[in-house]
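Right, one structure below, let's go through it.
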Amino acid sequence: MSRRRDAIGKRALHACVVFIACACAPALARQCDETNVTSFRRWADLRAFLNPKMRGAPCVVRLNVRGDVRGCSNDRVERAPLMRVDPLGDVDFTALTRAPRVLLATPAAWQKVLERAYVKDDEMAREIRANVKGVLVESVHPTGEADKALLKGFSLGPAARANTTGGRTGGIDAVKMDFRGTPMMLLDTSSTHAARIRAMANARAMQENKGEKHMWRAEVDMRMTSLGKQPTIAPPSSESCLKANTCLPVGGYSVLATMPPLNRDVASTKSIVLVVARMDADGVFRDATPATNARMSGLIALMAVAKSLQKAFSSLTEDDFAHHVAFVALSGEDFGNIGSQRLARELAADAAESLLPELAGRKLRAVIELGPMGMSNSFEAGKMPALFVHGPHIDEVSKKISQYADTYEFDVTFKKGMAKILDSSEPSFESVRGLAYDAVYISEDRDQASDPLSGTHLDVGVSRSIDVDRMGDAVRSIARLIGTYAFRNTNSSYATHDGDIVANTFDDAAGRATVIELSKCLADQRYGLDKCSSGLRLINEKTVSTLGEYIASDGYVDPTHEPSRYPDVLVGIPRSVQAHNDKKTLARFVWSYLAEATSMSSTTSKMCELDGSCRGQGEVCVGKNTANAGTCHKSSPRYILALSSRLGYDHRDGSWIVKEPKDDDERIAPLWTESNWAPGVGFTMIAPAGEGNYFSQNMIAVYAVGALAFVAILHACIGRKKTTARRGTDAEREGLLQ
């Protein structure tokens, strides 16, 4: 009877443990997700559970050679209570002057704080700056109905400046501001939820007149090593921090591909039509710079135009070309046009010294730059889609467009824009302009940014940012514009004396299909380069391993988990610039896609050799990876180092060398760098002191499960001790052996 009672007691105790564990599991799972704690094996795990570290994208420091500073930092570790400002932007600025606080703010409220405290410089602004020890920006849905009010009036970053006139559309240009003393971070969705709960607890504590020891505090450590010991008093320059090995150059690799392909054996003097788009962007939060409309729409258009022209160009001979065409995806343009400056330098150099010897010494016939052109209804508000032609040669280019625009029906119209371009790469090419020269910037923006979120951390999502049908029409038009420059006046079916383009010259279907495919690869959160067919074929690399976990039922993707289009931070310069292994995934994808799109090979391309080489002259291997053998194409894609020629790299000791400037271009080069920082920087929530901390819902769950588990183990051990060992009978032993 006693054994039966013990068995019933054990089962009841085990059932109790299981019941409490299951009841507490949701709270524990939610807390573990918010704190990023997956196991409790060490005391540090429990400490991280109690004092969770906030996850998200930080604002970091960049410096240039003149000592200008962009970004955020603090001089020492600070602690202050967390306070959420009014989420709709109705901020009580007087409350921000009373005591030190770390602010939790929606994008709309964040902008209001920056406008009042960091644009103005009166006494109240200085008091606010002294008391605000950090800012945590909430992650909100850019198109969700519930969050629309949290974005009202929000327009930060490059989108705050018109890309043609230099005016402002609202907000401030936070990307280029100096926030030393005020660390900032864009939270991911789980940390946003956790921070809101703790801010609400602090608000209740304030209403009950409790002291700060009963409030959640944020510990802020965003010390940037490049700033030195007195960063707010005597900040260093990029030159001094490179010598001290406390920063790294911002730059990367541009990608260039030409039609026809470059030929090392046959020198050409024909001028070049340069088709340009930008591949990356600066951002307030380095790891949350999706730039879907600001950069990816123009890049998609450039690659689709190349695909649309492939059919016509691959059947031409050298004599049929009036001018060669070069498609260029530039890197680092937001940091002093370093991509276009370096390209222009290589074009102007002697062939023996240039990284592009086949193009060295040749002049430019035209520069056609493609800016934002997503033309989505989400910000066009049902307007007739139009692209605006900006720049000093509006009349000449508009005349070329009108030659075919009256003949074919286009859903997207072209209109004249402004003569002055603010964010253009074209001025970099002044030294290589030909006698006959046109330069235009084509964009959806007329005199100000039509997309208020373009260039911000909320410039994300294909459904919000890009209308693929309109972009397909835009590609069709731009391809014909390029054709008027490239085709020679011959008796062929491609061009006539007036430059009137024959309809079957261009593969419009391929251009439109490319827009659809690349929108999936570069802008659609449901695909990305790791899931779209072109990405799997050309790269086959997992770029965002857990992207699916951050897609909500309504399609929202946390911007902190999207691929960031922030430029490279170079740890060194490879001995071979054309090697793939040190390039970002996006650069390698653009290289591979343009290699195919500008290929002069037949439709039956040969497979690459085992070592990734090709036997044919002038051929390159495209798409070789762990899953694909790759194919050989007769094309000439090139990586171009997007870095000032003033910077060199010593491979012996792995250090950067800042050379003395040799000319005016090197003398004015800004040499932007990004600061190093310690691994542990960020925002950590510190639990309130006092007994209330130990009896929260989550901690009761932890202690209850732990205590019952301990009792169950103790009971099992005691029960095992009461059981006396005995020798089994012969019958029992024989039964076990059978």
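The values are calculated or read from the model by the stated rules, or taken from the named source; none is laboratory data. What you see is a predicted model; the values in this text were computed from it and never measured. Virtual Cβ from ideal backbone geometry, glycine too; neighbours counted across all protein chains shown. With ligands, DNA and RNA removed, areas are computed over all heavy atoms of the protein, side chains included. Shrake-Rupley method; radii C 1.70, N 1.55, O 1.52, S 1.80 Å.
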(message) Could you check region 427-445 and list, in sequence order, the residues that are assigned to a strand (DSSP E or B) and out of contact with any His (no Cβ under 7 Å at 6 or more places or on another chain)?
(response) Arg433, Gly434, Leu435, Ala436, Tyr437, Ile442
(request) Only strands (runs of 3 or more DSSP E) wholly contained in region 629-670 count here; list those with 1 or more residues that are touching a Leu at 6+ places or on another chain (Cβ under 9 Å) and surrounded by 11 or more Cβ atoms within 10 Å (Cβ to Cβ). (result) 638-642, 647-650, 655-658
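Rundown of residues vs (1) under 28 Å from the mean Cα position of the chain (by Cα); (2) closer than 18 Å to Ser240 by Cβ; (3) hydrophobic (A, V, I, L, M, F, W, C), yes/no style:
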position	(1), (2), (3)
Thr631	no, no, no
Pro637	yes, no, no
Leu643	yes, no, yes
Gly648	yes, yes, no
Glu660	no, yes, no
Arg667	no, yes, no
Leu671	yes, yes, yes
(message) When you check Arg116 against the structure, is it in contact with a helix residue (DSSP H, G or I) (Cβ under 6 Å, 6 or more places away or on another chain) and open to solvent by 10 Å² or more (accessible area, probe 1.4 Å), yes or no?
(response) no
(request) Check Ser340, Ser314, Ser308 and return the single one that is buried (at least 24 other Cβ atoms within 10 Å of the Cβ) and in contact with a strand residue (DSSP E or B) (Cβ under 9 Å, 6 or more places away or on another chain). (result) Ser340
(request) Those residues that are modelled with pLDDT under 90 and assigned to a helix (DSSP H, G or I), I need them from region 556-611; list them, please. (result) Pro559, Thr560, His561
(message) Can you tell me which of (1) open to solvent by 30 Å² or more (accessible area, probe 1.4 Å); (2) over 19 Å from Gly283 (Cα atoms); (3) not in a helix (DSSP H, G or I) is the one Leu248 doesn't meet?
(response) (2)
(request) Could you please find all residues in region 424-466 being within 24 Å of the chain's Cα centre (by Cα) and open to solvent by 40 Å² or more (accessible area, probe 1.4 Å)? (result) Gln448, Pro452, Ser463
(message) Exactly one of these conditions fails for Thr514: (1) at pLDDT 90 or above; (2) under 20 Å from the mean Cα position of the chain (by Cα); (3) open to solvent by less than 20 Å² (accessible area, probe 1.4 Å). Give me its number.
(response) (2)
(message) Looking only at region 612-643, count every residue that is at pLDDT below 95, touching a helix residue (DSSP H, G or I) at 6+ places or on another chain (Cβ under 9 Å) and among the hydroxyl-bearing types (Ser, Thr, Tyr) and tell me the total.
(response) 3
(request) Looking at (1) touching a Gly at 6+ places or on another chain (Cβ under 8 Å); (2) open to solvent by less than 10 Å² (accessible area, probe 1.4 Å); (3) modelled with pLDDT of 95 or more, find the lone condition where Arg278 falls short. (result) (2)
(request) Among the residues of region 342-391, write down those that are of a type in the set (S, T, N, Q) and at pLDDT 90 or above. (result) Ser354
